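Structure record follows, encoded as structure tokens.
The values are calculated or read from the model by the stated rules, or taken from the named source; none is laboratory data. Note that the structure is predicted; figures quoted are calculated from it, not measured. In this analysis, Cβ positions are derived from the backbone assuming ideal geometry, glycine residues included, and neighbour counts consider all displayed protein chains. Protein only, heavy atoms only, side chains kept; ligands, DNA and RNA dropped before computing areas. Shrake-Rupley method; radii C 1.70, N 1.55, O 1.52, S 1.80 Å.
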Amino acid sequence: MCNEKNSIENIADVNTEIRPDMVTHIWDVTGDMNKEETMEHLKEAAALLQDGSIVAFPTETVYGLGADARNTAAVESVFAAKGRPSDNPLIVHVASRAQLDGFTEPVNELSSRLMDTFWPGPLTLILPLKQKSLSEKVSAGLDTVGVRMPDHPVALELIAAADCPVAAPSANRSGRPSPTTSSHVREDLMGRIAGIVDGGPTGVGVESTVVEAHDDGTVTILRPGGITAEQLAEVAAEVRLDPGLSVDSVKADASSPAPRSPGMKYTHYAPKGELCVVQGAPDAVAAYVNGALSAAAARGERTAVLAFSEHLHLYRADAVYSLGSLERLAEGAHRLYAALRSCDEIGASVLYAEACPRDGLGDAIMNRLLKAAGHQIIHVTE
Ligand code: TXA
Ligand code: MG
């Protein structure tokens, strides 16, 4: 049964000194990129980054919370504002391949081909870090660094104007769903950061795929995301999933391998209510969920369901949120985090989500749903 509360683990070492009383500047750059006003706004935001302040900005995946990756105090403010465990390294964002020379050692041939194919885009590569080139806080003591070039004109202009590698985790409080609109960033970080560049809703909706490209031409996926395993397989000799990610290995126990991407071990993306993922034939899933929901409603709980548009009519809950069509999983990726946040807004305490096939973006959706559910999944048989 789904009766365990989600918990945020291992946050004891988080710096909680930050006080939410800072003035957070908001720049609206949702209009024409070439307008003089837009460029002025981005220059102001870039100047704050250069000064060691932290600024949220849109990317094609989710909003990021940026800091100059060379500036330890700035990077520390990112961890503090998010309440993020310090052993979880940050992704560094670049606007050009030339920027890589400043902080990575020469990369292998496959890494280079993946950049040619997928950059700018939602692919983060784990690359060899040049010693002493970035703040040690960025890589959390590892000798590698995660790097990506976002496919968003605002992000690219901002990074180019700041003229530095920009460390940027997702711009949410740690444990909360990642932000896909500037209002999500406001909800979580207003008063904790210097500014928010509002570029409208993000496109992909789930974070980048994090990969390690090996010298033998194979790839390991450390975090599924916007670039699918199928897309990677067109470039790499073989694509493996980090064994530490194995999704159906319900709650990690002592015998499960640790995920290679440190962030994967934390409960994440979690709504405040108790979420359970349900897998099986649609009618059987709906019958199970409706039974559980009416019992919950009888106890006075507020209920919500996240389902694919083909099955919305099957559910009876206080709120039923659509993840779009099963035929177009990009819609599910795009809507997922906003739907999880909506569950909080209506005060839902008991939540169920439909599972989806793990092809294409389904892999990233299931990874996020299972993490949001603390790996609680029910397989319903007819
Ligand atoms: O789409 C994205 O990737 C967004 C946008 C803002 O770019 N960023 C993002 O960052 O999701 P964050 O910090 O929330 O997630 C970074 C992930 C974590 O799971 C972290 O453990 C992993 O990347 N990571 C970073 N550096 C790593 C490294 N050197 N080795 C292994 N994993 C690493
Ligand atoms: Mg994140």
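Beta carbons closer than 8 Å, at least 6 apart along the sequence or on distinct chains, pair a first residue in region 274-290 that is in contact (Cβ under 8 Å) with a residue 60 or more places away in the chain with a second that is hydroxyl-bearing (Ser, Thr, Tyr) and assigned to a helix (DSSP H, G or I) for Val278/Tyr288; Gly280/Tyr288. For region 81-113, a tally of residues being surrounded by fewer than 22 Cβ atoms within 10 Å (Cβ to Cβ) and among the basic types (Lys, Arg) returns 2. In region 49-88, the qualifying residues are those that are within 23 Å of Lys130 (Cα to Cα), among the small types (Gly, Ala, Ser) and touching a strand residue (DSSP E or B) at 6+ places or on another chain (Cβ under 6 Å), and the one that is nearest to ligand 1 (Cβ to nearest atom) is Gly66. Would you check if Arg335 is open to solvent by 20 Å² or more (accessible area, probe 1.4 Å) and under 18 Å from Ala229 (Cβ atoms)? Here the answer is no, as Arg335 does not meet what is asked.
Within region 355-365, the residues that satisfy the criterion of being outside any loop (DSSP other than H, G, I, E, B) and either crowded, with 23+ Cβ neighbours inside 10 Å or in contact with a Pro (Cβ under 7 Å, 6 or more places away or on another chain) (or both) are Asp363, Ala364, Ile365.
Quick check on region 291-330: of everything there that is assigned to a helix (DSSP H, G or I) and touching a residue at least 40 places away in the same chain (Cβ under 8 Å), which residue is nearest to Gly226 (Cα to Cα)? Give the derivation first.
Pass one, region 291-330, residues assigned to a helix (DSSP H, G or I): 291-298, 309-314, 329-330.
Retained after the next criterion (residues that are touching a residue at least 40 places away in the same chain (Cβ under 8 Å)): 292-293, 296, 311, 330.
Details: Ala292: 33, Leu293: 32, Ala296: 35, His311: 25, Ala330: 9 Å.
Selected residue: Ala330.
Any residue that is at pLDDT 95 or above, farther than 24 Å from Leu245 by Cα and in a loop (DSSP other than H, G, I, E, B) - is there at least one of those in region 331-347? Checking region 331-347: at least one residue is at pLDDT 95 or above, farther than 24 Å from Leu245 by Cα and in a loop (DSSP other than H, G, I, E, B). Taking Leu65, is it under 25 Å from Ala236 (Cα atoms) and either at pLDDT 95 or above or touching a Pro at 6+ places or on another chain (Cβ under 6 Å) (or both)? Criteria not met by Leu65.
Candidates Leu127, Leu156, Leu134: the one that is within 21 Å of Asp68 (Cβ to Cβ), of a type in the set (A, V, I, L, M, F, W, C), open to solvent by 30 Å² or more (accessible area, probe 1.4 Å) and at pLDDT 95 or above is Leu156. The lone criterion from (1) polar (S, T, N, Q); (2) surrounded by fewer than 22 Cβ atoms within 10 Å (Cβ to Cβ); (3) within 16 Å of ligand 2 (Cβ to nearest atom) left unmet by Thr218 is number (3).
Residues in region 159-180 that are open to solvent by 30 Å² or more (accessible area, probe 1.4 Å) and on the phi > 0 side of the Ramachandran plot: Asp163 alone.
For region 181-206, filtering for residues that are open to solvent by 10 Å² or more (accessible area, probe 1.4 Å), part of a loop (DSSP other than H, G, I, E, B) and within 13 Å of ligand 1 (Cβ to nearest atom) leaves 3.
I'd like the full set of residues that are basic (Lys, Arg) and away from ligand 1 (no atom under 11 Å from the Cβ), limited to region 137-175. Scanning region 137-175 gives Lys137, Arg173.
Against the criterion of being touching a Leu at 6+ places or on another chain (Cβ under 6 Å), more than 16 Å from ligand 2 (Cβ to nearest atom) and at pLDDT below 95, Val247 qualifies. In region 96-123, the residues that are in contact (Cβ under 8 Å) with a residue 40 or more places away in the chain form Cβ pairs under 6 Å with partners that are among the basic types (Lys, Arg), at six or more places apart or across chains, as follows: Phe103/Lys130; Thr104/Lys130.
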